[in-house]
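Q: The structure that follows is given in the form of structure tokens.
The values are calculated or read from the model by the stated rules, or taken from the named source; none is laboratory data. Every value quoted in this text rests on a predicted model; they were computed, and no experiment measured them. Heads up, the Cβs are rebuilt from the backbone with ideal geometry, glycines too, and the neighbour counts pull from every protein chain shown.
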Amino acid sequence: MAEITVGLAGGEKSLTCPAGSSFAEIVRGLVSKKQAKQALAVRVGGELRDLSAAAVSDCEVEIVTANSPEGLELIRHSAAHVMAHAVIDLFGPEVKVAIGPATADGFYYDFDLPETFSPEDLERIEARMQEIIASGAVFEREEVSVAEAREIFAAAGQDYKLELLDGIGAETVSLYRLGSFLDLCRGPHLPHAGLIKAVKLLKLAGAYWRGDENRQMLQRIYGTAFASKKELAGHLARLEEAKRRDHRRLGRELELFTIDDQVGPGLILWQPRGAMMRRIIEDFWRDEHYRHGYELLFTPHIARRDMWKTSGHLDFYGENMYAPMEIDGVAFQLKPMNCPFHIALYNTRKRSYREFPIRWCELGTVYRYEKTGALHGLMRVRGFTQDDAHIFCRPDQLAGEIFNILDLTLHILATFGFDTYDIYLSTRPEKYVGSDENWDAATSALRSALEKKGLAYEIDPGEGVFYGPKIDIKIRDSLGRSWQCSTIQVDFNLPERFDIGYTGADGATHRPIMIHRALMGSLERFFGVLIEHYAGAFPVWLAPVQAVVMNITDSQREYAAGVFDILRAAGVRVEKDLRNEKLNYKIREAQVRKVPFMVVIGDREKEEGTVTVRERSGRNLDPMTPEQFAQMVREAAGSRA
């Protein structure tokens, strides 16, 4: 029998063994018994392989354990199969199974069956999963022809698997058997179900087959799995905290925004407190942009359909645009983006190289078609305001402008309380416009700005947009969750499509470089992230109501009303609660509304011309005059701490 040499990645150790030896046997020969027990799979030549797979040639192996991202994904993917096995055991072989992948924080599986799952069913399914796990059921891989796979799934009535097989171009496919459950799957999987140490089913949802709202609605079960019960408990605690911070609930309770069915899903109604907070955000945004050399623009909500043809949006983005409307026999469409309007303004006259850079910004409301099932509070809407900006510059200015954008971006994010983020540099995709020379120059400028700023980043190969490379900044909130907000994109496409130019120092016409840039992204989405980041307890500078004036009894009513007038005139965002209610009730109500300060007035305060201030944390401050309190609030707000 032929022999092969298998080495441990890194060249630490190697062994010679018969060709066809399983990777499980090889791992046991390369590492200690304790280390071998921790192995879930191996990576060979960059590809994950089952431990049961055979090694047929010389190679190096990297052991995958539960402590790695790949190992956690294996656990979750395998848990999805265990869940499908449990569902069929409980609800019968007539259950049709669709797909069941691992996700960033768990797994799900989609099912088609006559009855509707209930929360009680989740408990039953999870209990059955624990029985399968305790049995140590083995994952067995089988390689069969597509024709054989079709026969197997046709006999089982698994229509969704048959459709998946229709889209497979290969001659053979892999199946995974777990006890009586057989699934079409690329794998790999754990050696056996007993390696799933901590699993929990979380919720039910509906999901269209293949995300197509014209196809069958399936029932989706979400779950999660971790390498240990301690990690699972920590995750479940974070989920409970996320529920407490849910911007949809807090937005309703704090009276910040509303979504009304009569108006339409995905369309936001801003209530007075939310509108006040939005005004604060927008004013800060405008002031900072003016300070950094930007000029403010306003553009319409609709434009001729022909403009969207010229820009390429109808070709590349048409499915996200709303249907055209006819005005005076001419087709118009709602805007999904602001860029073509800024180019129209650029083209109002000839431009000289001396004018550059031109920095234009706009809080422009755009409209994009989103499927109803994808809508989610403020995070996914149909009409939103984009904090857009476009910079027109010469090639020699590109790196400097990108550096300035990064500087402004990080300053604004930090002011809102976000100083942890992940940065990605996305490079040229397979399909692109523009010359390789321009792409290389733009990518180099983006990289240079990141390195000059001293920012760590990852390369996201091939994920640039078709018109240029980009930088994406994903902020992390107080729960460690990642949110895509800021983006910087270099564009070769629109300047070409609209044939814009400038007169250079040589008197010839040149093409400017265009940079697309958003810092907060969607203002609605950013607002939702802020709500959850602060759990609605906003810092003083952002709080829509900074203080509530409240009296203890009716005898202080007149003085309390006067204090309210003083604070309001001094610029404090203040409300008054002069109801004939117990003080503790008023304080509790203000705390529930997350108001930073409660200004309490009793007989002593009335007599001394002072106020007693209680922070929302419960701490009482020393008595002070209304004017002193107003100054304290102004200083706290001015520092934006």
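Q: Could you say which residue among 126, 148, 140 is touching a Lys or Arg at 6+ places or on another chain (Cβ under 9 Å), modelled with pLDDT of 95 or more and either farther than 25 Å from residue 235 by Cβ or part of a loop (DSSP other than H, G, I, E, B) (or both)?
A: 140
Q: Next up: Output the residues belonging to the range 391-425 that are of a type in the set (Ser, Thr, Tyr), assigned to a helix (DSSP H, G or I) and either surrounded by 19 or more Cβ atoms within 10 Å (Cβ to Cβ) or out of contact with any helix residue (DSSP H, G or I) (no Cβ under 8 Å at 6 or more places or on another chain) (or both).
A: Residue satisfying the conditions is 409 alone.
Q: Name every residue in the range 97-120 that is in contact (Cβ under 8 Å) with a residue 12 or more places away in the chain and assigned to a helix (DSSP H, G or I), in order of residue number.
A: The one that is in contact (Cβ under 8 Å) with a residue 12 or more places away in the chain and assigned to a helix (DSSP H, G or I): 119.
Q: Which number in (1) closer than 26 Å to residue 323 by Cβ; (2) in contact with a strand residue (DSSP E or B) (Cβ under 6 Å, 6 or more places away or on another chain); (3) acidic (Asp, Glu) marks the one condition that residue 261 misses?
A: Only one criterion is unmet by residue 261, namely (2).
Q: Regarding the range 253-265, can at least one residue be identified that is in contact (Cβ under 8 Å) with a residue 12 or more places away in the chain, in contact with a Ser or Thr (Cβ under 9 Å, 6 or more places away or on another chain) and of a type in the set (Gly, Ala, Ser)?
A: Looking through the range 253-265, none of the residues is in contact (Cβ under 8 Å) with a residue 12 or more places away in the chain, in contact with a Ser or Thr (Cβ under 9 Å, 6 or more places away or on another chain) and of a type in the set (Gly, Ala, Ser).
Q: Taking helices (runs of 4 or more DSSP H) that do not extend beyond the range 1-95, which have at least 2 residues that are in contact with an Asp or Glu (Cβ under 9 Å, 6 or more places away or on another chain)?
A: 23-30, 69-91
Q: Just checking, does the range 50-70 include any residue being in contact (Cβ under 8 Å) with a residue 60 or more places away in the chain, under 30 Å from residue 127 (Cα atoms) and touching a Phe, Trp or Tyr at 6+ places or on another chain (Cβ under 7 Å)?
A: Looking through the range 50-70, at least one residue is in contact (Cβ under 8 Å) with a residue 60 or more places away in the chain, under 30 Å from residue 127 (Cα atoms) and touching a Phe, Trp or Tyr at 6+ places or on another chain (Cβ under 7 Å).
Q: Does the range 505-513 contain at least one residue that is outside the structural domain of residue 600 (by TED's automatic domain parsing) and either in a helix (DSSP H, G or I) or of a type in the set (Ser, Thr, Tyr) (or both)?
A: There is at least one residue in the range 505-513 that is outside the structural domain of residue 600 (by TED's automatic domain parsing) and either in a helix (DSSP H, G or I) or of a type in the set (Ser, Thr, Tyr) (or both).
Q: I would also like to ask the following. Only one of (1) surrounded by 15 or more Cβ atoms within 10 Å (Cβ to Cβ); (2) within 29 Å of the chain's Cα centre (by Cα); (3) under 30 Å from residue 13 (Cβ atoms) is not met by residue 69, so which one is it?
A: For residue 69, the exception is condition (1).
Okay, residues lined up against (1) in the same structural domain as residue 96 (by TED's automatic domain parsing); (2) touching a Phe, Trp or Tyr at 6+ places or on another chain (Cβ under 8 Å); (3) not in a strand (DSSP E or B):
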position: 170; (1), (2), (3): yes, no, yes
position: 174; (1), (2), (3): yes, no, no
position: 187; (1), (2), (3): yes, yes, yes
position: 204; (1), (2), (3): yes, yes, no
position: 218; (1), (2), (3): yes, yes, no
position: 225; (1), (2), (3): yes, yes, no
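Q: Right, another one. Sort through 517, 476, 557 and tell me the only one that's crowded, with 21+ Cβ neighbours inside 10 Å, touching a strand residue (DSSP E or B) at 6+ places or on another chain (Cβ under 7 Å) and of a type outside the set (Val, Ile, Thr).
A: 517
Q: Every residue in the range 520-539 that is surrounded by fewer than 24 Cβ atoms within 10 Å (Cβ to Cβ), outside any helix (DSSP H, G or I) and touching a strand residue (DSSP E or B) at 6+ places or on another chain (Cβ under 9 Å), please.
A: Passing the criteria: 521, 522.
Q: Consider only pairs whose beta carbons are under 8 Å apart and that are at least six residues apart or on different chains; among these, list those whose first residue lies in the range 466-488 and is in a loop (DSSP other than H, G, I, E, B) and whose second residue is of a type in the set (Val, Ile, Thr) and at pLDDT below 95.
A: Qualifying pairs under 8 Å: 466/433; 467/433; 469/427; 469/443; 469/490.
Q: Looking for whichever is under 20 Å from the mean Cα position of the chain (by Cα), in contact (Cβ under 8 Å) with a residue 12 or more places away in the chain and under 30 Å from residue 538 (Cβ atoms) here; the options are 238, 249. Which one fits?
A: Checking each option against the conditions leaves just 238.
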